[in-house]
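The values are calculated or read from the model by the stated rules, or taken from the named source; none is laboratory data. In this text the structure is predicted, and so the values were computed from the model without any measurement. Here the Cβ positions follow ideal geometry from the backbone for every residue, glycine too, while neighbour counts run over all protein chains shown.
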Amino acid sequence: MELLQAKNGFFGEFGGSFVPEVLQPALDHLETAFNRFKDDPDFINEFEYYLKDFVGRPSPLYLAERLTKELGGAKIYLKREDLNHTGAHKINNVLGQILLAKRMGVKRIIAETGAGQHGVATATACALFGMECVIYMGELDTERQALNVFRMELLGAKVVAVKDGGRTLKEAVDAALIDYMENYHTTFYLLGSAVGPHPYPTIVRHFQQVIGREAHVQHMEKEGRLPDYLLACVGGGSNAIGLFAPFYNESSVKIIGVEPAGKGLESGLHAATLSTGVPGTIHGFKAYMMVDEHGEIAPAHSIAAGLDYQGVGPEHCFYKDSGRAQYVSVTDDEALKAFQILSKTEGIIPALESSHAVAYALKFAPTLSPEQTIIVNVSGRGDKDVYQVFELLSEK
Ligand SMILES: *Cc1c(COP(=O)(O)O)cnc(C)c1O
């Protein structure tokens, strides 16, 4: 299972490192440490130990039998990242990076968060290892996600409400980068998705590839062959690349990423970066990004807060341009329906983010034959979204 290697930090024309000069030594230092420790047997053992005993891995590959029967097409397998401790795939990456920070001798961790999911995962791992933790969050997001702010504080983190600009994720990232620039000798910036300047996309993928590696083995055990399709939702792209990357060289396995079409691609209220964006530079790397008519970064919208990002991981950009993967989109309404359907037919309440991948499976599986299989990555559980869905359904 060879992964696609970035060349000088680039996947094709995407990725790279477009940061202020003062930050580059910190990224070089990080890359050196990552390359030194990633294959170190002690490091690997420790990472695997926490994945198993703290996160609860491996996550099952579960045959959704009733859903498959109801749709009458391909067999649908669910990769159950929702069963991880803290309820999503994010913890895989966070643990890997914390262990790396520990090896680098750093005791202060900073991170940005949008809806709070990455912040909670980071605060969790910092509590586990007794590290100082500062989470940057847009002020608007701290109001919308007050319960996640409380969770982070409960876990011992300090949450900084960023009051600049639109007061959401973009401003939180900027604030975290400024902190990192000033403090990189003593501070580790723990990035939450397969985005940002090199080497972050490579590091995040490295720690998330456990999803695809497990799925590979599990599908082999159950079916005696490789799956036909992989489906995952794409925000920044970390759960998707974690599932996809180990299958990169298996050309018989078709890869589909599902983006949030929000209220419809024509409405402008969406976050379907790969489907509608243009190449540009965002947050220190080159990728497809959403821009307005003046070429400025445009606001993003999705029913799923975790998919609400104007950029996307560089490896996905390369997958798209090279044709290795296809990127489709589903609307808020379709995701909301899928949220309910998976709950009713399988007893699994998926995260609204994951519901996008499920929604596409609902449309796509019936077009395939019963001999074919699809792995759908259930990136997280929907408990966090139940109240939002309750309110949305009450309005209707
Ligand atoms: C954060 C999140 C996502 C989106 O992030 P990616 O980096 O695209 O994976 C998807 N699903 C869940 C449950 C999340 O919490």
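Does region 126-135 contain any residue that is under 20 Å from the mean Cα position of the chain (by Cα), within 16 Å of the ligand (Cβ to nearest atom) and modelled with pLDDT of 95 or more? Taking every residue of region 126-135 in turn, at least one turns out to be under 20 Å from the mean Cα position of the chain (by Cα), within 16 Å of the ligand (Cβ to nearest atom) and modelled with pLDDT of 95 or more.
Residues that are in a helix (DSSP H, G or I), buried (at least 21 other Cβ atoms within 10 Å of the Cβ), among the polar types (S, T, N, Q) and at negative phi are absent from region 328-339 altogether.
Based on what the data block shows, is E31 surrounded by fewer than 13 Cβ atoms within 10 Å (Cβ to Cβ) and on the phi < 0 side of the Ramachandran plot? Taking the combined requirement at face value, the residue does not satisfy it. Strands (runs of 3 or more DSSP E) fully within region 1-116 that include at least 2 residues being modelled with pLDDT of 95 or more and of a type in the set (K, R): 75-80.
The strands (runs of 3 or more DSSP E) found entirely in region 250-299 that carry 3 or more residues being buried (at least 19 other Cβ atoms within 10 Å of the Cβ) are 254-262, 285-289. Pairs, please: C-beta under 6 Å, at least 6 apart or cross-chain, first residue closer than 15 Å to S379 by Cβ and among the acidic types (D, E) and in region 69-92, second within 12 Å of the ligand (Cβ to nearest atom) and in a loop (DSSP other than H, G, I, E, B)? Close Cβ pairs satisfying both conditions: E81/H89; E81/S379.
When we screen T373, T331 for residues that are touching a residue at least 40 places away in the same chain (Cβ under 8 Å), more than 12 Å from the ligand (Cβ to nearest atom), of a type outside the set (D, E) and touching a Lys or Arg at 6+ places or on another chain (Cβ under 6 Å), the only hit is T373. Every condition in (1) of a type in the set (D, E); (2) without any contact (Cβ under 8 Å) to a residue 40 or more places away in the chain; (3) surrounded by 13 or more Cβ atoms within 10 Å (Cβ to Cβ) holds for D53 except the one numbered (3). I need the full set of residues from region 79-106 which are closer than 16 Å to H29 by Cα and either aromatic (F, W, Y) or away from the ligand (no atom under 14 Å from the Cβ) (or both), in order please. Within region 79-106, I98, L99, L100, A101, K102, R103, M104, G105, V106 meet the criteria.
Looking across region 162-178, just one residue is among the aliphatic types (A, V, I, L, M) and surrounded by fewer than 17 Cβ atoms within 10 Å (Cβ to Cβ), and that is I178.
Could you tell me which of the residues L226, L243 is within 17 Å of A88 (Cα to Cα) and either free of Cβ contacts under 8 Å to residues at least 40 places away in the same chain or within 13 Å of the ligand (Cβ to nearest atom) (or both)? The unique qualifying residue is L243. Can you find a residue that is more than 16 Å from the ligand (Cβ to nearest atom), of a type in the set (D, E) and in contact with a strand residue (DSSP E or B) (Cβ under 8 Å, 6 or more places away or on another chain) anywhere in region 180-200? No, region 180-200 contains no residue that is more than 16 Å from the ligand (Cβ to nearest atom), of a type in the set (D, E) and in contact with a strand residue (DSSP E or B) (Cβ under 8 Å, 6 or more places away or on another chain).
Within region 305-323, which residues are within 12 Å of the ligand (Cβ to nearest atom), assigned to a loop (DSSP other than H, G, I, E, B) and touching a strand residue (DSSP E or B) at 6+ places or on another chain (Cβ under 6 Å)?
Matches in region 305-323: G311, V312.
Confirm whether Y288 is within 16 Å of the ligand (Cβ to nearest atom), out of contact with any Lys or Arg (no Cβ under 7 Å at 6 or more places or on another chain), more than 22 Å from Q5 (Cβ to Cβ) and of a type in the set (F, W, Y). No. The listed residues are F364, F390, and the only one of them that is away from the ligand (no atom under 15 Å from the Cβ), more than 22 Å from A240 (Cα to Cα) and not in a strand (DSSP E or B) turns out to be F390.
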